[in-house]
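Enquirer: Structure incoming, see below.
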There are 2 protein chains.
Amino acid sequence: MNSAHYAGCVSEALWDRSRCSVAGTLAVVGEKWSLLVLREAFLGVRRFADFQRVLGAPKAVLTDRLTTLVDHGILRRVPYQAPGERQRHEYRLTQKGIDLHPTLVALMAWGDRYLAEDGDVPMELRHRDCGELVHLSLVCDAGHELSGARDVLPVPRAPDHGGDG
Amino acid sequence: MNSAHYAGCVSEALWDRSRCSVAGTLAVVGEKWSLLVLREAFLGVRRFADFQRVLGAPKAVLTDRLTTLVDHGILRRVPYQAPGERQRHEYRLTQKGIDLHPTLVALMAWGDRYLAEDGDVPMELRHRDCGELVHLSLVCDAGHELSGARDVLPVPRAPDHGGDG
DNA sequence: CCTCCTGAGTTCGCTGGATGAACTGTGCTC
DNA sequence: GAGCACAGTTCATCCAGCGAACTCAGGAGG
């Protein structure tokens, strides 16, 4: 294993960490419960009481997380009325929220691999059309499928506005 | 948009949330700074002082996160000796840690799309061989490329040991 | 040998966020 | 109009994160 492999590229060169998209995304959904709320949202949960029952999170925290996610445009509050009940509102994923799906899939895949005992995973994701298991894969714009992180070259871009190098 | 789309599948049926791989993974790397430590590790950072300088995290927190990640087998402590310095140790990704790469890529991709202004992303990932941009994609075992979360069917599996349904 | 310096932590007091329980408010059913 | 269920809000407590100060180990330099 060649230690200069990554090192020469970005390790010492201090690119602007404050603009990092990983940090930015974590600032939005990195708080405790946020991603679990989204997991449930992807599974079809929409109502406050259901989130609360299923997650077991404190109501105050849940209120805060839902509000934050709505504020960021990841969920939206939609009024609805169940028969025989008063009007309430439910929380639904927006496109911005739906685009967090790969993040949850990635977290789930890692947990399935390293935390499940005997390969006994609690849930599978299957292709709705053909029923086969789905998984994430890294591909490049030329169509090559990458075999792993080793094939990826991180390239910092200086924030030079007004010119497209 | 059909609201019964997901609902009929898993929303009300209470599968066992306590074994959820998303929650499990977040329990391991979901604390503040953990994923940012890993981001830097993927960029080649290995030494305590470099993590500290680059992340700006409090030393105590950083010590705790690094220790936790080592305990979970995501990083490993490797002794090394720089010329003219005493022996120290550095933190390197294990395979288990490298397998968290897709999670970081997913987080980064979302941030690039929704948080970067003018498409001015701070860093790009390129295929080391051909230089093209890389991105995550959902594929199924039959080789179909899924167009999005809508094509995915979550299937809870009961923890029935001893029988492969 | 003694002192200074640096890397790698540990300790400490403070503050802010998380927690569970209790409380509020609203509209429907009975 | 009393009771109930949903959807929060308020409150006291507690823990985790924070920055600063302190500790420890081993070279370098005199």
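Enquirer: Please get the size of the charge dipole for the protein assembly as shown, origin at its Cα centre, with Cβ charges of +1 on Lys and Arg and -1 on Asp and Glu, quoted in debye to the nearest 20.
Expert: Here the size comes out at about 1180 debye.
Enquirer: May I pose another question? Can you give the Rg to Rh ratio of the range A:35-148, both from alpha-carbon atoms, with Rh computed by the Kirkwood formula?
Expert: Computed over Cα atoms, the ratio is 1.05.
Enquirer: Ok, one more. Take the Cα of B:Ala116, step 7 Å along the line toward its Cβ, and report every residue of the range A:18-34 whose backbone nitrogen sits under 19 Å from that point.
Expert: A:18-29
Enquirer: Would you list which lysines come within 21 Å of A:Lys59, measuring only between C-alpha atoms, while excluding same-chain residues fewer than 8 positions from it?
Expert: Those lysines meeting the cut-off are A:Lys32.
Enquirer: Which listed residue (A:Val61, A:Val105, A:Val121) has the Cα farthest towards the positive end of the charge dipole for chain A, taking +1 on Lys and Arg C-beta and -1 on Asp and Glu C-beta about the Cα centre?
Expert: It is A:Val61, whose Cα lies furthest towards the positive end.
Enquirer: If you don't mind, there's one more thing I want to ask. How do B:Asp50, A:Asp118 rank when sorted from fewest to most other Cβ atoms within 10 Å of their own Cβ?
Expert: Least to most surrounded, the residues fall as A:Asp118, B:Asp50.
Enquirer: Mean residue ellipticity at 222 nm from the helices of the protein assembly as shown, using -39,500 (n - 2.57) per DSSP H segment of n ≥ 4 over the full residue count, to the nearest 500 deg cm²/dmol?
Expert: The helix-only estimate for the protein assembly as shown comes to -10000 deg cm²/dmol at 222 nm.
Enquirer: Continuing with the same structure: Among B:Tyr114, B:Tyr91, which comes first, then next, by fewest other beta-carbon atoms within 10 Å?
Expert: B:Tyr114, B:Tyr91
Enquirer: Turning to a different aspect of this structure: Listing B:Ile74, A:Ile98 from the residue with the fewest other Cβ atoms within 10 Å to the one with the most, what is the order?
Expert: Ascending Cβ contact count within 10 Å gives the list A:Ile98, B:Ile74.
Enquirer: So, counting K/R as plus one and D/E as minus one, what does the shell of residues with Cβ under 13 Å around B:Gly131 add up to?
Expert: Every neighbour counted, the sum reads -3.
Enquirer: May I ask you to derive the relative contact order of chain A, considering only C-alpha pairs under 8 Å and at least 6 residues apart, and to give it as an integer percent?
Expert: Over chain A, the number comes to 18 percent.
Enquirer: Something else now. For the pair B:Glu85 and A:Asp129, what calculated FRET efficiency results from E = 1/(1 + (r/R0)^6), where r is the Cβ-Cβ distance and R0 = 45 Å, to the nearest 0.05?
Expert: After rounding, the FRET efficiency stands at 0.15.
Enquirer: Let me check I've understood the local charge: for A:Ser147, count other residues with C-beta under 11 angstrom from its C-beta, Lys and Arg +1, Asp and Glu -1. What total comes out?
Expert: -1
No value in this document is a laboratory result; all are computed from the given coordinates. What you see is a predicted model, and the numbers here were worked out from it, not measured in a lab. Please note: Cβ atoms are built from the backbone with ideal geometry, for glycine as well, and neighbour counts cover all protein chains shown.
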